[in-house]
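The next block holds one structure in the form of structure tokens; read it before the comments.
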Amino acid sequence: MWWLIPAVSANFFWSITNVIDKYIVANRVKNPYIFMSWLWLLTIVFVLLIPFVNFYVPEAKLFFWLVAAGVICFLASFPYIKAMQMEEVTRINIWWNIMPIFSLVIAWLTIGQKLNLGQLLALFLLLTGAILGGIHIRRGGIAFSKAVWWLIFSCFLYTIYAVIFSFVSRLVPFVVALIWINIVGFTCALLLFLSKKFRNDFMMEWKTVDSKLFGTVLLVSMLEHVAQFFNVWALSVGLAALVYAMEGFQAIFVFVIAMVVSFFKPLLLKEEMDRGNLFLKLAGVLFMAGGVAVLNLW
């Protein structure tokens, strides 16, 4: 059972990166896409792992799928960060758990997989959690978040990436595949500089970077890599289904961290903390965590 330590640790570090992502795009940068490009450029540090692993270029077919996965992962990150700028981080993390819904739909459409009772129950819990997490209670009534469509698109792309990466990592060592994914993402970020508009926006944002922001971006990148390390460690020593069942902890960690920061430092992180919205967000977190657990453990 000691695989629980790295599994839960991975979700803890990812939850911290989510909260810091929100702080940066809400308070420090105007263009969230430029911030995301910074993070992708920093993934070049993965090449430092090459001397320590049996790194190689896979055969043409597998290499094609690795490149495809890297490009899709790169594209998926941009609607995610746009949604993060528009919405509270607690709600973003609730919706993040809708990816299993797309996995079930893709399996049904492509291989005709029929849903069993556990999957139907998980689907109900996930959809209920997503709906609850997207509702804002306001004086004039209730409203549904506009950011949800950005995150749905991001989750759809990330699901495709996950399916491809899962297939490739069965034939290519996990670490080798991860290095290639990040090399592809870094290359895609470099290609953005072919756009004159992107270069202008990049320079405008770069002029506002001070030592504090630069250090914060480096911290986000470092924590992301630490989370990936713990996740790979957990998958190497524990059953994948059990490891993925722990993903519900990420939404819980984000909820707790965001509530604490918002309460003591409301200028850093704004969250709706009235009774009605707190209830909806907490209910959404619990339904989502339950749905992820049922899907992986049933």
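The values are calculated or read from the model by the stated rules, or taken from the named source; none is laboratory data. Keep in mind the model is a prediction, meaning the values are calculated, not measured. Note that we place each Cβ from the backbone using ideal geometry, even for glycine, and neighbour counts take in every protein chain shown.
Give me the residue from the range 110-156 that is at pLDDT 80 or above and assigned to a loop (DSSP other than H, G, I, E, B) and, out of that set, farthest from V292 (Cα to Cα).
K146
Got at least one residue in the range 94-109 being over 22 Å from the mean Cα position of the chain (by Cα) and either at pLDDT below 85 or not in a loop (DSSP other than H, G, I, E, B) (or both)?
yes
Just to be sure I understand the filter: pairs with C-beta atoms under 9 Å, separated by 6 or more residues or on different chains, first member in the range 172-195 and over 10 Å from F46 (Cα atoms), second member surrounded by 20 or more Cβ atoms within 10 Å (Cβ to Cβ) and at pLDDT below 90. Which pairs pass?
What qualifies is A177/F165; A177/V168.
I need a count of the residues in the range 252-281 that are more than 18 Å from the chain's Cα centre (by Cα) and in a helix (DSSP H, G or I).
Of the range 252-281, the ones more than 18 Å from the chain's Cα centre (by Cα) are 259-281.
The next check asks that each one be in a helix (DSSP H, G or I); those that pass are 259-264, 275-281.
Residues that pass the stated criteria total 13.
Taking F167 as the residue in question, decide whether it is of a type in the set (F, W, Y), touching a residue at least 12 places away in the same chain (Cβ under 8 Å) and surrounded by fewer than 19 Cβ atoms within 10 Å (Cβ to Cβ).
yes
How many residues are modelled with pLDDT under 90 and over 19 Å from A251 (Cβ atoms) when one looks only at the range 1-25?
4
Can you find a residue that is of a type in the set (D, E, K, R), surrounded by fewer than 16 Cβ atoms within 10 Å (Cβ to Cβ) and in a helix (DSSP H, G or I) anywhere in the range 59-68?
Looking through the range 59-68, at least one residue is of a type in the set (D, E, K, R), surrounded by fewer than 16 Cβ atoms within 10 Å (Cβ to Cβ) and in a helix (DSSP H, G or I).
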